[in-house]
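Read the figures in this text as sums done on the coordinates, not as results from a lab. Note that the structure is predicted; figures quoted are calculated from it, not measured. Cβ placement follows ideal geometry from the backbone for every residue including glycine, while neighbour counts extend to all protein chains displayed.
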Amino acid sequence: MNGLTCQKFFVPEPVRLQRPGNSLTALASYRARTLAGTARVPGDKSISHRALIFGALSVGETVVTGLSRGDDVARTETALRHLGAEIQAPESDTRVVFGRGVGGLCEPASILDLGNSGTGVRLLMGVVASHRLAAYFTGDASLSTRPMDRVILPLRRMGADISARDGNLLPLIVAGAHSPVPIEYVLPVPSAQVKSAILLAALNTPGRTSVVEPVPSRDHTERMLAHFGAAITEGEDSDGRRHIAVEGEAELTGRAVAVPGDPSSAAFLVAAALAVPGSRVTIENVGTNPLRTGFFDTLREMGADIELSNVRAIGGESVADVTVRHGGLVGIEVPPERAPTMIDEYPVLAALAAGAEGRTVMRGVRELRVKESDRISAMTAGLRACGVTVDEFGDGLAVTGLGGPVPGAATVDARLDHRVAMSFLVLGMAAREPVVVDHAETIATSFPEFIDLITVLGAEVARAPRPRNASK
Ligand code: S3P
């Protein structure tokens with residue numbers, strides 16, 4: 001606690017020109033000649049959320065550069081302002097956060113609307129769970145169908161009082177524990193969001209809280225805990241499970257955070273370059289945290305020519321420039337244990353697999369059913385509409401590649417899922433006939449720069465008249 005008082009203050013709503021769901025945009029993606037050049041992807045979404053949250057929980061000033069400009073991160077920023085953090089925006093991708101210290105956040109006077117962002121809502125629920133305040137959380141139509149029990153259950157064990165809509169869905173209210181208790185929690189699903197929610201709640205909880213991960217998930221929270229000065233220990237037990245422990249009542253100090261480029265955004269440019277004949281593209285400053293690079297490993301096994309150069313470290317994370325050249329790919333069975341390191345890349349992998357030689361099998365990814373959309377169902381329906389044979393399983397899908405351009409000539413609904421939207425635009429770039437993505441404005445949740453960047457590289461994406469019969 002830093003002794004700051006919570007006074008009533010006015011938090012203006014940010015102006016959103018492209019608020020997802022407001023402007024109904026259908027985009028058509030046409031077969032591209034070649035993609036060539038160098039691009040720089042915007043800041044990593046996962047790290048951006050965390051940098052703002054840690055800044056708000058620190059004493060002093062945190063300067064975040066290279067922040068994601070997507071709507072998801074903007075929602076977290078607005079929520080933190082409602083919780084009392086002062087945040088200045090000198091540039092579109094720079095924020096200066098004047099934190100309130102662990103335990104120092106204020107009860108918000110407004111509902112915290114996290115839009116489409118699962119990371120935003122789950123991490124902030126963790127923060128609030130051990131603060132002496134109550135906060136209402138809500139989200140868009142997609143987020144309001146996503147499971148919140150995975151964070152509600154451990155946070156209740158730490159003492160938070162949480163009431164949710166039937167089925168443990170948003171909207172919900174978190175009344176933070178007055179006397180939070182530390183727990184040891186074995187993650188029932190591999191989820192960095194759940195792990196992070198508990199570790200953030202642990203910061204204002206006396207004693208040592210630990211999370212046990214049977215399968216490692218992205219570790220940005222752990223890295224940031226260390227960077228901001230928390231006492232964190234990590235180890236592995238004889239069964240290979242990761243144990244992460246944090247000492248509570250931590251004092252965090254404001255820091256500088258340089259956010260690396262988002263590998264999950266870079267994945268769409270990489271996939272497009274692999275799909276379109278004759279292409280050669282370099283993407284600079286891409287985060288290469290080993291718990292995020294499973295997609296590159298998979299692509300290499302499929303025969304892709306991908307080279308990492310200028311490998312360096314920024315702000316405790318590794319980054320590199322990624323050069324990729326078009327080349328025929330072959331289908332493989334993706335090892336299920338690799339899933340957590342490429343969980344957000346399955347939709348674009350499925351799109352790429354459609355043009356590969358042979359079958360690509362993606363199993364052990366039931367989690368894809370509870371992302372921004374049911375991604376197994378969305379990719380299956382969209383690929384079939386584009387003329388591709390797909391087998392759908394409870395825990396994944398298998399795509400029979402055509403060994404060349406897919407027919408296309410279909411309209412696919414984005415289902416409020418940015419990654420589904422971008423995957424089908426990439427598919428269209430190497431299809432015989434254009435692919436239309438309806439409600440493509442959802443791309444702005446993570447990667448509002450996507451259309452501009454891919455167009456500069458040579459792709460042709462244009463507004464299409466709103467279709468009447470989009471595949472749902
Ligand atoms: C994220 C974790 C992953 C990922 C999401 C971002 C994070 O979700 O899919 O896009 O920033 O912690 P899960 O924790 O649900 O696996």
- Query: Can you run phi through the Karplus equation (6.51, -1.76, 1.60; θ = phi - 60°) for the range 304-315 and list ³J(HN,Hα) in whole Hz, with x for Gly and Pro?
  - Reply: 6, 9, 10, 10, 9, 9, 6, 5, 8, 10, 10, x
- Cα centroid distance between the range 170-238 and the range 302-356, in Å? 28 Å
- Query: What nm distance separates the two modelled labels at Arg156 and Thr455, each placed 7 Å from Cα along Cα→Cβ?
  - Reply: 4.9 nm
- Task: Please report the Cα spread of the range 45-257 along all three principal axes, rounded to whole Å, starting with the longest.
- Result: 48, 38, 29
- In Å, the C-alpha Rg and Dmax of the range 361-453 are 12.9, 36
- Message: Go through the cysteines of the chain and tell me which have no other cysteine Cβ under 4.7 Å away.
- Response: Cys386
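How much length is gained if the chain between Glu337 and Val96 is pulled fully straight, taking 0.36 nm per residue apart and subtracting their Cα-Cα distance, in nm to one decimal?
Answer, rounded to one decimal: 82.9 nm.
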- In Hz, Karplus ³J(HN,Hα) per residue of the range 241-250 (6.51, -1.76, 1.60; θ = phi - 60°; x = Gly, Pro): 7, 7, 10, 10, 10, 10, 7, x, 6, 6
- Query: Which residues' amide hydrogens lie under 5 Å from the amide hydrogen of Val41, considering only partners 5 or more residues apart or on another chain, with H built in the peptide plane?
  - Reply: Glu284
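Using alpha-carbon pairs under 8 Å, 6+ residues apart, how would you state the relative contact order of the chain in percent?
20 percent
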- Per-residue ³J(HN,Hα) for the range 214-228, Karplus 6.51 cos²θ - 1.76 cosθ + 1.60, θ = phi - 60°, Hz, x for Gly and Pro: x, 10, x, 10, 3, 10, 5, 5, 4, 4, 6, 4, 5, 4, 8
- Contour minus end-to-end for Ala36 and Thr5, with contour as 0.36 nm per residue of separation and end-to-end as the Cα-Cα distance? 5.8 nm
- Query: Residues of the range 230-262 with amide nitrogen under 17 Å from the 7 Å Cα-to-Cβ point of Val186?
  - Reply: 235-245
- Query: For all pairs of alpha-carbon atoms in the chain, what percent lies in each bin of width 20 Å, listed from the first bin to the last filled one?
  - Reply: 26, 57, 17, 0
- Query: Hey, rough spin-label estimate for Ala409 and Glu249, points 7 angstrom out along Cα→Cβ, what's it come to in nanometres?
  - Reply: 7.1 nm
- Computed over the range 45-257, the relative contact order (Cα-Cα under 8 Å, seq sep at least six) in percent reads 21 percent
- Query: Which order do peptides 439-448, 161-170, 363-372, 189-198 fall in by mean Cβ count within 10 Å, highest first?
  - Reply: 439-448, 189-198, 363-372, 161-170
- Message: Run the simple label-point estimate for Glu236 and Glu61 please: 7 Å along Cα→C-beta, distance reported in nm.
- Response: 4.2 nm
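Taking the Cα centre of the chain as the origin, how large is its charge dipole in debye, to the nearest 20, when only Lys and Arg (+1) and Asp and Glu (-1) carry charge on their Cβ atoms?
Charge dipole, the chain, about its Cα centre: 760 debye, nearest 20.
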- the range 221-351: radius of gyration and largest Cα-Cα distance (Dmax), Å: 17.4, 56
- Task: Name the residues whose placed amide hydrogens come within less than 5 Å of the amide hydrogen of Leu35, ignoring near sequence neighbours (fewer than 5 apart) on the same chain.
- Result: Ser279, Arg280
- Message: Below 8 Å, C-alpha to C-alpha, sequence gap of six or more: please give me the relative contact order for the range 261-375 in percent.
- Response: 28 percent
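How large is the helix-only mean residue ellipticity at 222 nm for the chain, computed as the sum of -39500 (n - 2.57) over DSSP H runs with n ≥ 4, divided by its residue count, in deg cm²/dmol to the nearest 500?
Here the helix-only value at 222 nm equals -7500 deg cm²/dmol.
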- Residues with amide H under 5 Å of Gly358's amide H, sequence separation 5 or more or different chain, H placed in the peptide plane at 1.01 Å from N; which? Gly331, Gly401, Gly403
- Could you give P(r) for the range 156-230, binned at 10 Å from zero, as whole percent values over all Cα-Cα pairs? 18, 45, 34, 4
- Note on the structure: Along principal axes, largest first, the alpha-carbon spread of the range 137-280 in whole Å comes out as 61, 37, 37
